[in-house]
Amino acid sequence: MAISRYRLALPFLILGAIGIAFAPIFVRLSELGPVATAFHRLFLALPALWLWLAIAERNTQRSQGPRTARDRLGLAAAGLFFAGDLAFWHWSIQLTSVANATLLANFAPVFVALAGFLLFAERFSRTFLAGMAAALTGACVLMGKSFAIGADALLGDILGLITAVFYAGYIVSVARLRARFSTPTIMAWSSLVTCTALLPIALIAGESLVPVTLYGWGVLVGLALVSQVGGQSLIAFALAHLPAAFSSVSLLLQPAMAAVLAWIILDEALGPVQGAGALMILAGIVIARRGSRAAPAALPRAAAGGP
């Protein structure tokens, strides 16, 4: 069973990246402000996530929730890191270009690797580091046409980098939690914390929380189910079976997929330079994979409660 889950981990991680690639599309189509949209991403996902957890607990005939203060602190940290990621990214979008905010937020692999090195004494092969560099370079090429540096957008650019730090914290937290908890446990509890944290931020920002049309509600439901329940859950599953640093590099597939989806759905131009950047990201992921191979037995085991 562990071997089969290990083999599913990378395909699920890629599917998760595709799921979260839809998030910018849904945010662009939403009738609400960016933080209110982020709040509904979590709020509307909670019923599905808690139903999933209830089914998992019934199947195992035991509670899968936190039992100790350490458990609660870990799940809360993951939720707060994700809330910071969404809040700072949406704030960054308001103060700099979408290209700048997206590119800088995708520097999370650098901070994941730094956290692994400084906090957990992890060591990375030259092959992995070369793959990460190639993937990051590809992301720069992909977004480079729209990227611009200017003093008037400096604060927004800084917030974009802070977004990367928070998303790195989320990835590292979930990777560590997966040694003790199942995917539905982490998703249900951390999403509840994120939702609770985002509500006052949306209210302080003065954004409306109620879409005015059924179309607006449909966009929010799509964001919740596709990007949160689908995308983030698949990523959480994969983090039990793949190194966090490699997973963060693989998630650079998200801006490439977002560019393709924007081309298809929003009719945003996608030229040969952007295509070359996307191919560089894919090549970097393949190289990083070769430099971070680990036997399934050496990977942290998921909680007994489920995948």
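Coordinate-derived values only; no laboratory data. Computed from a predicted model, the values in this text were never measured in an experiment. Cβ: placed from backbone, ideal geometry, glycine included. Neighbour counts: every protein chain shown.
Tabulated values for the structure
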item: Matching label, Cα extents along the principal axes in Å computed from the structure shown, candidates (i) 64, 36, 36; (ii) 52, 49, 33; (iii) 50, 49, 39; result: (ii)
item: Karplus-derived HN-Hα couplings along the range 179-191 (A = 6.51, B = -1.76, C = 1.60, θ = phi - 60°), whole Hz, x at Gly and Pro; result: 6, 10, 10, 6, 4, x, 5, 5, 5, 5, 6, 5, 5
item: Under the Karplus curve 6.51 cos²θ - 1.76 cosθ + 1.60, θ = phi - 60°, whole-Hz ³J(HN,Hα) for the range 282-291, x wherever Gly or Pro sits; result: 4, 5, x, 5, 4, 5, 4, 4, 5, x
item: Per-residue ³J(HN,Hα) for the range 238-244, Karplus 6.51 cos²θ - 1.76 cosθ + 1.60, θ = phi - 60°, Hz, x for Gly and Pro; result: 5, 5, 7, 10, 10, x, 4
item: Segment I264-Y215, length gained on full extension (0.36 nm per residue, minus Cα span); result: 15.7 nm
item: Extension gain from I204 to F117, taking 0.36 nm per residue of separation minus the Cα-Cα distance; result: 27.6 nm
item: Structure-based [θ]222 nm, the chain - -39500 (n - 2.57) summed over DSSP H runs of at least 4, per residue, nearest 500; result: -23000 deg cm²/dmol
item: Cα-based shape type of the range 20-147, given that a ≥ b ≥ c are square roots of the gyration tensor eigenvalues and the cut on a/c is 1.5; result: oblate
item: Size of charge dipole - the range 2-298 - debye, nearest 20, with Cβ of Lys, Arg +1 and Asp, Glu -1, no other charges; result: 1300
item: R0 of 35 Å, Cβ-Cβ distance R7-C140: FRET efficiency to nearest 0.05; result: 0.65
item: For the range 22-83 versus the range 206-221, the gap between their alpha-carbon centres in whole angstrom; result: 19
item: Top of S208, S191, S248 by mean-square fluctuation, Gaussian network on the chain, Cα under 10 Å; result: S208
item: Residues with amide H under 5 Å from that of F181, placed H, sequence gap 5 or more; result: A303
item: Inter-label distance for A133 and R70, nm, one decimal - labels placed 7 Å from Cα along Cα-to-Cβ; result: 3.8
